[in-house]
């Protein structure tokens, strides 16, 4: 199992979401300061769920070579559904742990660098690798994702 590839996927996902969020806020420059607020999570979480539903669909349909290569690089012998759930939970926890208020918002590049540097900091990276290892330390009995319906959204923010 390639724990570094799993974590690197999480980092790329978070960095991509933060870059996209910066672009949205930069349409109205006076709004960019709000990217440093923890309340921005109400915008990030729905986007994250949509992204994971897209990943779920891609893994069923096998129609995005980049995603398929990323998952192959992870060399994870768990079911794809199990892995997606673990990725979403750990990525959400990691994403929420970023101390947004200390970031440089002068440019999109400086914001993305701040996010990437935080995520690739030795302590953060090591802690996440340990959490990935612990989360995958079970006998997986998940169903084969190829038998699933790609039109069903499995990741939602519903509490029922």
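The residues in the stretch 131-160 that are in contact with a helix residue (DSSP H, G or I) (Cβ under 9 Å, 6 or more places away or on another chain), farther than 19 Å from residue 48 by Cα and in a helix (DSSP H, G or I) can be counted, and the count is 6.
Please go through the stretch 1-12 and pick out each residue that is in contact with a helix residue (DSSP H, G or I) (Cβ under 6 Å, 6 or more places away or on another chain) and either buried (at least 19 other Cβ atoms within 10 Å of the Cβ) or within 18 Å of residue 85 (Cβ to Cβ) (or both).
3, 5, 6, 7, 9, 10, 11
Checking the stated criteria, residue 21 turns out not to satisfy the condition of being in a helix (DSSP H, G or I) and surrounded by fewer than 15 Cβ atoms within 10 Å (Cβ to Cβ). Within the stretch 42-62, how many residues turn out to be loosely packed, with under 15 Cβ neighbours inside 10 Å and over 18 Å from the mean Cα position of the chain (by Cα)? Matching residues across the stretch 42-62 total 2. Answer with yes or no whether residue 39 is within 22 Å of residue 105 (Cα to Cα) and surrounded by 13 or more Cβ atoms within 10 Å (Cβ to Cβ). Spelling it out, it is not the case that residue 39 is within 22 Å of residue 105 (Cα to Cα) and surrounded by 13 or more Cβ atoms within 10 Å (Cβ to Cβ). Looking across 84, 61, 55, one residue alone is out of contact with any helix residue (DSSP H, G or I) (no Cβ under 9 Å at 6 or more places or on another chain) and modelled with pLDDT of 95 or more. It is 61. When the residues of the stretch 90-107 are filtered to those that are within 12 Å of residue 22 (Cβ to Cβ) and part of a loop (DSSP other than H, G, I, E, B), the one that is farthest from the chain's Cα centre (by Cα) is 106.
Checking the conditions here, which among 79, 101 is surrounded by fewer than 17 Cβ atoms within 10 Å (Cβ to Cβ), touching a residue at least 40 places away in the same chain (Cβ under 8 Å), touching a helix residue (DSSP H, G or I) at 6+ places or on another chain (Cβ under 7 Å) and more than 20 Å from residue 8 (Cα to Cα)?
101
Taking the condition modelled with pLDDT of 95 or more, farther than 26 Å from residue 123 by Cα, in a helix (DSSP H, G or I) and out of contact with any strand residue (DSSP E or B) (no Cβ under 9 Å at 6 or more places or on another chain), does residue 69 pass? It is true that residue 69 is modelled with pLDDT of 95 or more, farther than 26 Å from residue 123 by Cα, in a helix (DSSP H, G or I) and out of contact with any strand residue (DSSP E or B) (no Cβ under 9 Å at 6 or more places or on another chain). Could you tell me whether the stretch 28-37 includes any residue that is in contact (Cβ under 8 Å) with a residue 40 or more places away in the chain, out of contact with any helix residue (DSSP H, G or I) (no Cβ under 8 Å at 6 or more places or on another chain), under 21 Å from residue 100 (Cα atoms) and in a helix (DSSP H, G or I)? Yes: the stretch 28-37 contains one or more residues that are in contact (Cβ under 8 Å) with a residue 40 or more places away in the chain, out of contact with any helix residue (DSSP H, G or I) (no Cβ under 8 Å at 6 or more places or on another chain), under 21 Å from residue 100 (Cα atoms) and in a helix (DSSP H, G or I). Does residue 68 satisfy the condition of being on the phi < 0 side of the Ramachandran plot and touching a residue at least 12 places away in the same chain (Cβ under 8 Å)? No; evaluated as a whole, the condition is false for this residue.
Can you say whether residue 53 is in contact (Cβ under 8 Å) with a residue 40 or more places away in the chain and at positive phi, as far as the supplied structure shows?
When the stated conditions are applied, residue 53 does not pass them.
The values are calculated or read from the model by the stated rules, or taken from the named source; none is laboratory data. Predicted, not measured: the structure shown is a model, and the values here were computed from it. All Cβ positions, even for glycine, are placed from backbone atoms using ideal geometry, and neighbour counts span all protein chains on display.
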